[in-house]
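Here's the structure we're looking at; comments come further down.
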Amino acid sequence: MNFKSLYNEQKEIVDKLLTDSLSNRKPSSLYEPASFILSNPGKRLRPVLVLFSAKAAGGSFDKAYNAALSVEMLHNFTLVHDDIMDNADKRRGRPTLHVKYDLSTAILAGDVLLAVAYEYLRRDLNGTAAAVVESFTKGLVEVCEGQSLDKEFEVRRTVSLSEYMMMIQKKTAALSKMCCEMGGLLAGGNDATVTALSNYGNDLGLAFQIQDDILDILADEETLGKPVGGDLIEGKKTFLFLKALEKSSGKVREKLEAVIDNKGINPNQVEEFKNIYFDLGVIDFAEKEVETLTQSAVNSLNTLKESTEKEFLKQLAFAMLKRNN
């Protein structure tokens, strides 16, 4: 099995279908910005999860493409609104929608992506329609709840690591969990199969977010597509920051608490805090947590029948460990 070839083959199909999804729709003042965000060079991880989960559960790619497109549209809807809330200037190295156009256009383009997502999801519904729509809608609700908690944590002085894990479970893991669950449902998988895929997606999503926290401080700007140390600069309470607070004392703790008081740091301080993270061992701790969650995700698949798609999902999880953006 050539993991990269399988991934790229489906990614290219999804990219082409996304390009066509909003073509010839009017008014262009709405669909051109929506098409711009969909054309961003993303990993297409979520639609790939839908497709390979469906195939691993005994279904086919052909009967899951529309659902795969729907989750990518939903994902991009959340990104548009996240960028607005975070006042972000760049997304994957390109200007964010509200920067390229304007705030009102970005909000409306995000809204229409969500509406069209439901339109595409409907096309793949079968005898499991109610369960699939429930899964999709629950994922959407949890993403909104997670984003709300994320914003709430920005103004709260004290946030525990367990609260952070609950937040990323909703904001990030709920979406990958929903993708895998929907794939299993669309394929008509039994309860055990759907649960296995759901658990896989959940742990994969948690690992993905903690890995994002690590990459924010360790990656380079060109590869990352945004400033390194952006979370610290913005004063975000990430997995690394909260673990550092938990393990620190004395002057180091005072420096970390000052990040909260000052709502962030200056860009020229990023290297200093990066060294603090290394000294406290929190980067090593976070990397081990990502490995543990990844292995847990892979173990969830043990009950599935052996197949190329099951092996693909395993390889995908381990590939996420090695990503650099």
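A few notes on this one:
- Residue list for the stretch 295-309, restricted to those being farther than 20 Å from Arg44 by Cβ and part of a helix (DSSP H, G or I): Gln295, Ser296, Val298, Asn299, Ser300, Leu301, Asn302, Thr303
- When residues of the stretch 139-158 are limited to those that are over 20 Å from Gly110 (Cβ atoms) and either at pLDDT 95 or above or among the hydrophobic types (A, V, I, L, M, F, W, C) (or both), the one surrounded by the most Cβ atoms within 10 Å (Cβ to Cβ): Phe153
- Among the residues of the stretch 258-280, not a single one is in a loop (DSSP other than H, G, I, E, B), touching a residue at least 40 places away in the same chain (Cβ under 8 Å) and either in contact with a strand residue (DSSP E or B) (Cβ under 7 Å, 6 or more places away or on another chain) or surrounded by 19 or more Cβ atoms within 10 Å (Cβ to Cβ) (or both).
- Filter pass, Lys177 being basic (Lys, Arg), without any contact (Cβ under 8 Å) to a residue 60 or more places away in the chain, in contact with a Gly (Cβ under 6 Å, 6 or more places away or on another chain) and buried (at least 23 other Cβ atoms within 10 Å of the Cβ): yes
- Residue check for Phe241: in contact with a helix residue (DSSP H, G or I) (Cβ under 9 Å, 6 or more places away or on another chain), surrounded by 21 or more Cβ atoms within 10 Å (Cβ to Cβ) and of a type in the set (A, V, I, L, M, F, W, C): yes
- Residue satisfying all of: in the stretch 26-42; at pLDDT below 95, not polar (S, T, N, Q) and not in a helix (DSSP H, G or I); nearest to the chain's Cα centre (by Cα) among these: Gly42
- In the stretch 299-313, residue nearest to Lys4 (Cα to Cα) [restricted to those that are surrounded by 18 or more Cβ atoms within 10 Å (Cβ to Cβ) and out of contact with any Asp or Glu (no Cβ under 8 Å at 6 or more places or on another chain)]: Phe312
- Residue count, the stretch 49-63 (criterion: surrounded by fewer than 23 Cβ atoms within 10 Å (Cβ to Cβ) and in contact with a Leu (Cβ under 9 Å, 6 or more places away or on another chain)): 3
- Given (1) at pLDDT below 95; (2) buried (at least 21 other Cβ atoms within 10 Å of the Cβ); (3) over 24 Å from Asn324 (Cβ atoms), number of the condition Asp216 does not satisfy: (3)
- Within the stretch 43-62, the set of residues being modelled with pLDDT of 95 or more and in a loop (DSSP other than H, G, I, E, B) comprises Arg44, Ala57, Gly58, Gly59, Ser60, Phe61, Asp62.
- Meets criteria (within 22 Å of Ile168 (Cα to Cα), hydroxyl-bearing (Ser, Thr, Tyr) and touching a residue at least 12 places away in the same chain (Cβ under 8 Å)) for Thr303: no
- On the stretch given as the stretch 43-73, residues that are of a type in the set (D, E, K, R), under 22 Å from Gln209 (Cα atoms) and more than 13 Å from the chain's Cα centre (by Cα) total 0.
- Checked against the criterion of being farther than 30 Å from Ser198 by Cβ, more than 27 Å from the chain's Cα centre (by Cα), outside any helix (DSSP H, G or I) and touching a residue at least 12 places away in the same chain (Cβ under 8 Å), the stretch 238-256 has at least one qualifying residue.
- Within the stretch 69-98, the only residue that satisfies the criterion of being more than 19 Å from Lys151 (Cβ to Cβ), among the small types (Gly, Ala, Ser) and surrounded by fewer than 20 Cβ atoms within 10 Å (Cβ to Cβ) is Gly93.
- Any hit, the stretch 100-114, residues being modelled with pLDDT of 95 or more, crowded, with 21+ Cβ neighbours inside 10 Å and β-branched (Val, Ile, Thr): no
The values are calculated or read from the model by the stated rules, or taken from the named source; none is laboratory data. Computed from a predicted model, the values in this text were never measured in an experiment. Methodologically, a virtual Cβ is constructed for each residue, glycine included, from the backbone with ideal geometry; neighbour enumeration extends over all protein chains shown.
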